[in-house]
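The structure under discussion appears below in the form of structure tokens.
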Amino acid sequence: MKGVAKLIFPLILVLVCEVNGQRRPRPPKKRPTPAPFEPVEPTELPPPLPPGPPSVFPDCPRECYCPPDFPSALYCDSRNLRKVPLIPPRIHYAYLQNNFIDKLSEESFKNATELKWINLDNNRIGTVDSRVLEKLESLVFLYMEKNHLKEVPPNLPPNLEQLRLSRNRINRIPDNAFNKLDHLLLLDLHRNELNDADFKKNTFRGLKNLMQLNLAHNRLHKMPPSVPKAVHQLFLDENQIDNIPNNYFKDFSHLAFLRLSYNKLSDKGLPKNSFNLTNLLVLHLAHNNLTSIPYISQTLEHLYLNDNSIEKINGTQICPISLMTFQEPSSDLQNVPRLRYLRLDGNHLKPPIPLDLMMCFRLLQSVVF
């Protein structure tokens, strides 16, 4: 019995000490020291892709991907690159978008003189060496949207067909920048910082075959001079343009799409026959200061006049042909105006739609009033 008591007594003592908080605490375990925090560069880009397995092409840069079934292409996009890798001579298509490249040096495309397509969108390019592009005589497409460029790159290759420089900070176009670009079909400079002083009479000299010119969302107050007469599409929306010179579009025999929305155009700054163009199909004049519908051509199909200050419509005055033509019912619609879509909402108009308007534009399929 005494032996059992000797065993129970120390156990009771231990329990009492734990209840009263008298148990001796154990020393805390040492935690490993965390590695120093490396700040991540702020970016909207996706995380870099890890290097893939060795390529079947021994000359493929380790940080890029060379698809076996597309031997002339090099994919280096979205890999946090700071400079252009060494591009093999066999490459015709280089995809370098979504990186941190801030400069094109003379060495950038040293071995890749047969390049036809370069995509450098969404980088940080602010400097382009004066000789880096002129050696790329086979280059047809150059994409440099959303960079930090302050001027149009110099010495552009002569065989370019598309030059996309939107969403930069361009406020200067060097003299003779486009002089040798006889093959250029598309020039996109929208969302830059260009103003009237950047466009001179010879700025577009050499662009004999240009089909699309995009100068939207810049700082223009006037229509740019000497726009190539071959253009099919001219985009000037979201500027500060308040008038169109008389006969400005006189020789634009191919112009089919014209955008002038979000400007400051008024009736006073709009000569009567400004848009009486034979091939014009789509005309955007929304968000201006117009109080009446301008005269349009018989071939126009889409007209956007929403969000102006138009108070009344005289269908007889704006009709491209005499309403006397419609006095007798006829099934022949070959010679009637071709307007199919008309948008007039956001003005000071009240229903109903004038009868003479509907009498003139008999092919109208939709009127937003």
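Quick notes on this structure:
- Computed with a 1.4 Å probe over protein heavy atoms only, the accessible area of Tyr93 comes to about 60 Å².
- For region 292-297, Karplus couplings with θ = phi - 60° (6.51, -1.76, 1.60), whole Hz, Gly/Pro x: 9, 7, x, 5, 10, 7
- The HN-Hα couplings worked out from phi for region 109-118 by the Karplus form 6.51 cos²θ - 1.76 cosθ + 1.60 (θ = phi - 60°) are 10, 4, 9, 9, 6, 9, 4, 10, 9, 10 Hz, whole numbers, x standing for Gly and Pro.
- Measuring between alpha carbons in the structure, the pairs from Lys83/Lys116; Lys150/Lys180; Lys103/Lys208 lying more than 26 angstrom apart are Lys103/Lys208.
- Distance in nm between pseudo-label sites at Asp182 and Lys264 (7 Å out along the Cβ direction from Cα): 4.2 nm
- Net charge in the neighbourhood of Ser366 (other residues with Cβ under 11 Å of its Cβ; Lys, Arg +1, Asp, Glu -1) is +2.
- Each label point was placed 7 Å from the Cα along the Cα-to-Cβ direction; for Ile321 and Lys350 their separation is 3.4 nm.
- Distant-in-sequence amide H partners of Arg172 (H built 1.01 Å from N, under 5 Å): Val152
- Positive end of the dipole of region 86-207 (Cβ unit charges, origin at the Cα centre): among Asn119, Leu194, Leu104, the Cα lying farthest that way belongs to Leu194.
- Percent RCO, i.e. relative contact order, over region 110-239, from Cα pairs under 8 Å lying at least 6 residues apart: 18 percent
The values are calculated or read from the model by the stated rules, or taken from the named source; none is laboratory data. If you're wondering where the values come from, they're calculated on a predicted model, not measured in any experiment. Heads up, the Cβs are rebuilt from the backbone with ideal geometry, glycines too, and the neighbour counts pull from every protein chain shown. When the accessible area is computed, the model is the full protein with side chains, heavy atoms only, and any ligands, DNA or RNA have been set aside. Shrake-Rupley method; radii C 1.70, N 1.55, O 1.52, S 1.80 Å.
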